[in-house]
Protein chains: 2
Amino acid sequence: MLIVQKYGGTSVGTLERIEAVAQRVAKTRAEGHDVVVVVSAMSGETNKLIEYAEYFSKNPKQREMDMLLSSGERVTSALLAIALTEKNCPAVAFSGRQAGIVTDEVHTKARIDHIDTKRMKEDLKAGNVIVVAGFQGVTLSGEVSTLGRGGSDLSAVAVAGALEADVCEIYTDVDGVYTTDPRIEPKAKKLDKISYEEMLELASLGAKVLQNRSVELAKKLNVNLVTRSSFNDNPGTLITKEENIMEQPLVSGVALDRNQARITLRGVTDKPGIAAEIFTTLANCNINVDMIIQNVGHDGTTNLGFTVPENELGIARKAIDELQPANTVEYDSEIVKVSVVGVGMKSHSGVASRAFQTMADEGINIEMISTSEIKISMVVHRKYGELAVRALHKAYGLEE
Amino acid sequence: MLIVQKYGGTSVGTLERIEAVAQRVAKTRAEGHDVVVVVSAMSGETNKLIEYAEYFSKNPKQREMDMLLSSGERVTSALLAIALTEKNCPAVAFSGRQAGIVTDEVHTKARIDHIDTKRMKEDLKAGNVIVVAGFQGVTLSGEVSTLGRGGSDLSAVAVAGALEADVCEIYTDVDGVYTTDPRIEPKAKKLDKISYEEMLELASLGAKVLQNRSVELAKKLNVNLVTRSSFNDNPGTLITKEENIMEQPLVSGVALDRNQARITLRGVTDKPGIAAEIFTTLANCNINVDMIIQNVGHDGTTNLGFTVPENELGIARKAIDELQPANTVEYDSEIVKVSVVGVGMKSHSGVASRAFQTMADEGINIEMISTSEIKISMVVHRKYGELAVRALHKAYGLEE
């Protein structure tokens, strides 16, 4: 098998941790697999370098930020290759450039254009483990670029896709994807498998294991992703396409998103273009509007409700105050969003009604509802968030 | 003018120091000069990275060491370019690769093959200050390489030579080159100018300002070197070709080399090839033999004396014990070497005799003598080292 393994910042946070990673990689190689490793900077390094840059400038030059920030991953890749070679596991460290990761010219948040795999294939053929500095690439014009937050995951998925690897293992400090946050519901279970689509929903709902960009790319490139812990030997969670999951559970997980606030516009003039104006304004402020609900109005006006991330409420408020799109505007940050996610609900009826019934049984008022093919999201008062999660987790039998 | 400025590890050792360097560079630019800056890693960084590597391996892979060690200079160059741009002094950070510094394939001690100045010239023309990560280059086959200790000085001199810069300023934490070590003789004076040849002699005699590799390259490329302090505005010392120095002093400086030990072989068979055998053996052990004196012998044997660095005496001893080239071998580490250096002595007689007379006046026994066109070196007992330096400094009028 050709296995791509990606180790995040905490997994390579100390020299002892890097040594442990080297042992794991050498073991995988000794089992007969070809291995490409993608590493992050040692935890804390990237933030340290950002602080350094901010000492000199509130708005540092992005081209130079990329040269600065890309150094952390280079250090880790060199150290891991040295550690591996010492274990008689021949290894070479590659910068993003040497790994052939070519990006567009957008410094600090570049997108991967393509990967030139020639050199990696040569080194794999020669029996070397390849240790790629994650998070970075080289632009078409030859400059160092970085891929933004979560960029090392993205490097790993892209490399796995380009090399048609059998699996891309993402190592972090958690065991995998859970049916819900174990800090809320101790009976939460680790999932063996989950589809890309479900993972995308869960990730956007606050499951911190993987960023959506990486899952989307894995889906696009058809890469089998495994998220697992570098601190133990548990098998982790496979994220793959729906067809690869034989027995689809009705519901895979329950998520709680606390970073939510609701804005309600009352008495919005009910004419074409008004909603577009509001949401274009918010988009221009880089605010991610989430749930949007418009009720049928009367007297030529309508009511419009939507949620935004709570930490963006201040900016949103300012933008709306300037626009004055409605008679009255209400802001409510005392809400959370509870979601039930499952590919199985596509082919089953009654999944949504069970959620609503569960809320009713617990005496929880549902303030907003939004559904997709594989997700039911409900806005409830902040104080009911954890209770709602536990009740839904039980109602869908996730603890079994 | 086109000015190359190189800042060493202590000059960029903290963020505050980098800010001070940015001010100096911006000032130079504001005076209308074109500026290329070459930077070292922040002091301590390179040693930290070496320690990291040694945690994993006593003999780490050299290709990976180069990727590891080159990261420190990249960080400094990015930070300085950010600091400069913030001061409305447009600047770009270049890795060794981007600066066009092409080396041979010898990792960790590469030699510069040539410099492709195209990109630097373009950026200078565009009005940018160029901040080059020192100490590093790219091999002809595209790998990251480093130039070994003192490599950043070498980068600066090579860049200055390739761009035909008017001057190459090497900033450290000392004011320049002194007539002797001010810790030994407080009356030591900073030299305004000194020839390459004198600097080479002084450097090899323990003056730590510059490494010989850099001075040799400056001489070869005819680069005007200035060594000065980044902690004040003193003008420093110009190191240039002899013809540029109008008034040649008889003697430019007095140096003391404490890292010396003497080996005396008595009763060496006086036949062709015996000296070659001895010194080839020592060379194979990487021992730098310095002064060599062979006396006329009798009875078909001769006496051979030479000095080696004191810290290499153990290895030398082992090699000679195996070779058994003489009847008796004496080892003496209780010696030092005192040297008088001056281009002026080429055209003046009596310079050497004044040195010997000075030693005699102080009651110091000279144990070995070696002279070159511009240098007189004397081996004396360790206890007389500082006294000899002060007496010679006075005898040649260096304190005036």
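In segment B:210-226, which residue that is at pLDDT 95 or above and of a type in the set (S, T, N, Q) is nearest to B:Val167 (Cα to Cα)?
Ranking the qualifying residues of segment B:210-226, first place goes to B:Asn224.
Go through segment A:352-389 and report how many residues are within 25 Å of the chain's Cα centre (by Cα), under 22 Å from A:Gln294 (Cβ atoms) and either aromatic (Phe, Trp, Tyr) or open to solvent by less than 70 Å² (accessible area, probe 1.4 Å) (or both).
Of the residues in segment A:352-389, 9 are within 25 Å of the chain's Cα centre (by Cα), under 22 Å from A:Gln294 (Cβ atoms) and either aromatic (Phe, Trp, Tyr) or open to solvent by less than 70 Å² (accessible area, probe 1.4 Å) (or both).
Mind checking which strands (runs of 3 or more DSSP E) fall wholly inside segment A:290-400 and carry at least 1 residues that are under 27 Å from A:Gly267 (Cβ atoms) and of a type in the set (Ser, Thr, Tyr)?
Where strands (runs of 3 or more DSSP E) fall fully within segment A:290-400 and carry at least 1 residues being under 27 Å from A:Gly267 (Cβ atoms) and of a type in the set (Ser, Thr, Tyr), they are A:301-308, A:328-332, A:368-372, A:375-381.
Filter segment A:270-312 for residues that are open to solvent by 40 Å² or more (accessible area, probe 1.4 Å), more than 26 Å from A:Ser339 (Cα to Cα) and touching a Pro at 6+ places or on another chain (Cβ under 8 Å) and give the result.
Within segment A:270-312, just A:Glu277 meets the criteria.
Considering A:Glu64, A:Glu16, A:Glu54, A:Glu31, which residue is closer than 29 Å to A:Lys121 by Cβ, in the same structural domain as A:Gly151 (by TED's automatic domain parsing) and more than 25 Å from the chain's Cα centre (by Cα)?
On inspection, the qualifying residue turns out to be A:Glu31.
Would you confirm whether or not segment B:130-137 contains a residue that is among the aliphatic types (A, V, I, L, M), within 21 Å of A:Ser70 (Cβ to Cβ) and either more than 10 Å from chain A (Cβ to nearest Cβ) or surrounded by fewer than 23 Cβ atoms within 10 Å (Cβ to Cβ) (or both)?
Yes: segment B:130-137 contains one or more residues that are among the aliphatic types (A, V, I, L, M), within 21 Å of A:Ser70 (Cβ to Cβ) and either more than 10 Å from chain A (Cβ to nearest Cβ) or surrounded by fewer than 23 Cβ atoms within 10 Å (Cβ to Cβ) (or both).
Does segment A:68-88 include one or more residues that are touching a Lys or Arg at 6+ places or on another chain (Cβ under 6 Å), under 18 Å from A:Tyr7 (Cα atoms), part of a helix (DSSP H, G or I) and of a type in the set (Gly, Ala, Ser)?
yes
Tell me the residue from B:Val75, B:Val12, B:Val25, B:Val21 that is closer than 24 Å to B:Val138 by Cα, of a type in the set (Val, Ile, Thr) and touching a residue at least 60 places away in the same chain (Cβ under 8 Å), please.
B:Val12
Would you check which residues across segment B:85-129 are within 26 Å of the chain's Cα centre (by Cα), surrounded by 19 or more Cβ atoms within 10 Å (Cβ to Cβ) and within 14 Å of chain A (Cβ to nearest Cβ) and list them?
B:Phe94, B:Ser95, B:Gly96, B:Arg97, B:Ala99, B:Gly100, B:His107
Out of (1) in contact (Cβ under 8 Å) with a residue 12 or more places away in the chain; (2) in a loop (DSSP other than H, G, I, E, B); (3) within 12 Å of chain B (Cβ to nearest Cβ); (4) open to solvent by less than 40 Å² (accessible area, probe 1.4 Å), the odd one out for A:Pro60 is which?
The number of the failed condition is (1).
When the residues of segment B:313-331 are narrowed to those that are out of contact with any helix residue (DSSP H, G or I) (no Cβ under 7 Å at 6 or more places or on another chain) and buried (at least 18 other Cβ atoms within 10 Å of the Cβ), which ends up modelled with the lowest pLDDT?
This residue is B:Ala326.
Report whether or not B:Ile82 is touching a Pro at 6+ places or on another chain (Cβ under 8 Å) and at the interface with another protein chain (Cβ under 9 Å from one of its Cβ atoms). Step through it out loud before you land on a result.
Working: touching a Pro at 6+ places or on another chain (Cβ under 8 Å): yes; at the interface with another protein chain (Cβ under 9 Å from one of its Cβ atoms): yes.
Criteria met by B:Ile82.
Pairs under 6 Å by beta carbon, first residue touching a residue at least 40 places away in the same chain (Cβ under 8 Å) in segment B:30-49, partner in a helix (DSSP H, G or I) and open to solvent by 50 Å² or more (accessible area, probe 1.4 Å), six or more apart or different chains?
Qualifying pairs under 6 Å: B:Val35/B:Arg29.
Can you pull out every residue in segment B:67-79 that is under 19 Å from A:Ile18 (Cα atoms) and either surrounded by fewer than 22 Cβ atoms within 10 Å (Cβ to Cβ) or facing chain A (nearest Cβ under 8 Å) (or both)? So that I can check it myself, show each step before the final result.
Within segment B:67-79, the subset under 19 Å from A:Ile18 (Cα atoms) is B:67-69, B:71.
Across segment B:67-79, the qualifying residues are B:Met67, B:Leu68, B:Ser71.
Check segment B:236-243 and report whether any residue there is open to solvent by 30 Å² or more (accessible area, probe 1.4 Å) and modelled with pLDDT of 90 or more.
yes
In segment B:138-151, what residues are of a type in the set (Ser, Thr, Tyr) and open to solvent by less than 10 Å² (accessible area, probe 1.4 Å)?
Across segment B:138-151, the qualifying residues are B:Thr139, B:Ser145, B:Thr146.
If you go through segment A:254-290, how many residues are small (Gly, Ala, Ser) and touching a residue at least 60 places away in the same chain (Cβ under 8 Å)?
Residues meeting the conditions: 3.
Among the residues of segment A:138-160, what is the count of those that are away from chain B (no Cβ under 14 Å) and touching a strand residue (DSSP E or B) at 6+ places or on another chain (Cβ under 8 Å)?
Matching residues across segment A:138-160 total 12.
The values are calculated or read from the model by the stated rules, or taken from the named source; none is laboratory data. Just so it is clear, the structure is predicted and the values come from calculations on it, not from any experiment. Positions of Cβ are generated from backbone atoms using ideal geometry, with glycine treated the same way; all protein chains shown enter the neighbour counts. For accessibility, only protein heavy atoms count, side chains too; no ligands or nucleic acids. Shrake-Rupley method; radii C 1.70, N 1.55, O 1.52, S 1.80 Å.
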